[in-house]
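Report on one structure; see the data block that follows.
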Amino acid sequence: MNQNLLEELQKITGEEQAILDRRGGVDQSLYADGGQASPRRFVVDSKKMLEQGRLIAVRPHTRFVDFPAHKHNYVEVMYVCRGQITHQIEDRIVRMEQGDLLFLNQHVSHGIRAAAEQDVAINLIIQPAFFETPSLLAGGDRSLTGFLAELLRKDSEKGQYLLFKTNGILQIENLMENLIYSLVHDPGTEDEINRSLMELLFLYLAKYAKTLGEDSSSRFEDVLVMAARRYIDRTYQTATLGELAATLHETDSFVSRLIKAKTGKTFKELLQEKRLSAACALLRQTDLPVSDIAAAVGYENSSFFHRLFRERVGYSPADYRRRQKSAPESV
């Protein structure tokens with residue numbers, strides 16, 4: 001990292017000086033309304049961290065004191081510029097070293113052990129809406145990129161965190177330095193510029209997905225399988241194993257074995273399940289000819305579709321449609 005930028009980030013802040021002077025704990029009123037809160041209810045508020053209308057900001061991590069267990073109502077990304085930082089996330093100890101990136105969604109509870117003066121880290125404060133852009137959520141050749149973004153912004157209350165061991169990856173280091181510099185020296189920069197930098201960061205994280213640490217809530221193999229399911233869900237009409245493997249930067253054979261090991265099913269079986277599920281929905285909800293439905297879900301050979309449908313569903317497509325329409329409506 002640029003030495004001048006690093007020295008600027010290492011400066012002792014007013015909050016840190018107050019901690020050193022009184023040897024006290026974290027002043028929670030700086031982070032949340034309502035004064036001191038119990039660990040279960042300490043939620044860092046984006047309104048305290050972000051200027052009104054902004055979607056992303058950066059602040060140095062507060063050192064010299066244990067930061068108590070808390071959640072945020074935003075997505076947090078920590079990057080270690082120098083030294084090391086130790087988190088307790090739920091019931092796990094997660095150690096970060098220089099160059100590591102930690103993504104936490106808004107449902108993760110974590111505390112942070114006191115850092116020394118030479119331990120320099122920054123926090124990116126990101127509103128979930130920042131990730132709501134077609135380029136980050138795109139399917140097709142960016143299935144893993146989109147999955148990572150959705151993992152952080154989805155509405156479920158499951159805590160998710162991803163630790164990437166990216167020290168030494170020059171492209172990621174340069175992107176983080178550019179992003180930090182932009183937010184520190186030009187906080188009025190348009191969010192679109194910072195979103196573009198984040199998009200590039202996600203693309204490189206997808207390329208170097210194997211840097212996903214064992215300490216993450218979702219491990220490398222699990223992330224790949226979930227990304228594969230997302231790919232099938234979004235592109236089942238045209239999906240192929242070769243295209244999926246290319247998006248994940250892996251070989252066809254590796255992806256095939258991984259999917260089978262993690263799901264008990266082959267890529268072909270998962271794809272057929274999705275296509276038949278979509279076909280059943282069209283048979284129930286439309287009056288389209290069966291041949292058109294077969295084509296719509298990805299089968300050019302109508303005879304093959306009829307045979308497969310009967311084998312898997314137990315009825316011909318026409319019989320299935322009649323049974324569904326004659327079934328009594330539930331009250």
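Considering the options 4, 259, 111, tell which one lies farthest towards the positive end of the dipole of the chain, charges being +1 on Lys and Arg and -1 on Asp and Glu at the Cβ, about the Cα centre.
259
Can you list the GluC sites (Glu not before Pro) in segment 233-302 that are in a DSSP coil and have 13 or fewer other beta carbons within 10 angstrom?
300
Can you give the FRET efficiency for residue 2 and residue 238, using 1/(1 + (r/R0)^6), R0 = 41 Å, r = Cβ-Cβ distance, to the nearest 0.05?
Calculated value: 0.35.
How large is ³J(HN,Hα) for each residue in segment 55-61, as worked out from phi by the Karplus curve 6.51 cos²θ - 1.76 cosθ + 1.60 (θ = phi - 60°), to whole Hz, x for Gly and Pro?
Going residue by residue, I get 9, 8, 8, 10, 8, x, 5 Hz, with x marking Gly and Pro.
Which residues' amide hydrogens lie under 5 Å from the amide hydrogen of residue 112, considering only partners 5 or more residues apart or on another chain, with H built in the peptide plane?
Correct list: 67, 88.
Assuming R0 = 45 Å, what is the FRET efficiency of residue 47 and residue 220, from their Cβ-Cβ distance, to the nearest 0.05?
0.80
Name the residues whose placed amide hydrogens come within less than 5 Å of the amide hydrogen of residue 212, ignoring near sequence neighbours (fewer than 5 apart) on the same chain.
The list, which skips near neighbours in sequence, is 165.
Which of the GluC sites (Glu not before Pro) across segment 76-126 are loop residues per DSSP, with 15 or fewer other Cβ within 10 Å?
90, 117
5 Å is the cut-off here: which amide hydrogens, built 1.01 Å from N in the peptide plane, fall below it relative to residue 121, excluding neighbours closer than 5 in sequence?
For residue 121, whose amide H was placed from the backbone, the distant partners under 5 Å are 61, 81.
With the crude spin-label approximation of a point 7 Å out along Cα→Cβ, what separation in nm comes out for residue 12 versus residue 257?
If labels sit at residue 12 and residue 257, their model points lie 5.5 nm apart.
Could you give me the ³J(HN,Hα) list for segment 252-268, computed from phi with Karplus coefficients 6.51, -1.76, 1.60 and θ = phi - 60°, whole Hz, x at Gly and Pro?
4, 5, 5, 5, 4, 5, 5, 4, 5, 5, 8, 10, x, 10, 7, 4, 4
Once label points are set 7 Å from the Cα along Cα→Cβ at both residue 174 and residue 319, what is their separation, rounded to one decimal in nm?
6.2
Report the full-extension gain for the segment residue 295 to residue 23: residue separation times 0.36 nm, less the Cα-Cα distance, to one decimal in nm.
Taking 0.36 nm per residue and subtracting the Cα distance, the gain is 90.9 nm.
Along segment 271-282, what does the Karplus equation 6.51 cos²θ - 1.76 cosθ + 1.60 (θ = phi - 60°) give for ³J(HN,Hα), rounded to whole Hz, x for Gly and Pro?
5, 5, 4, 5, 5, 5, 4, 5, 5, 4, 4, 5
May I have the extent of the alpha carbons of the chain along their three principal axes, as whole Å values ordered from largest to smallest?
For the chain, the Cα spread along each principal axis is 79, 48, 37 Å.
Kindly report, to the nearest 10 Å², the accessible surface of residue 207 as traced by a 1.4 Å probe over protein heavy atoms only.
100
The values are calculated or read from the model by the stated rules, or taken from the named source; none is laboratory data. Since this is a predicted model, take the numbers as computed values, not measurements. Using ideal geometry, Cβ is built from the backbone for each residue, glycine included, and neighbour counts are taken over all protein chains shown. Side chains are part of the model used for accessible areas, which takes the heavy atoms of the whole protein and leaves out ligands, DNA and RNA. Shrake-Rupley method; radii C 1.70, N 1.55, O 1.52, S 1.80 Å.
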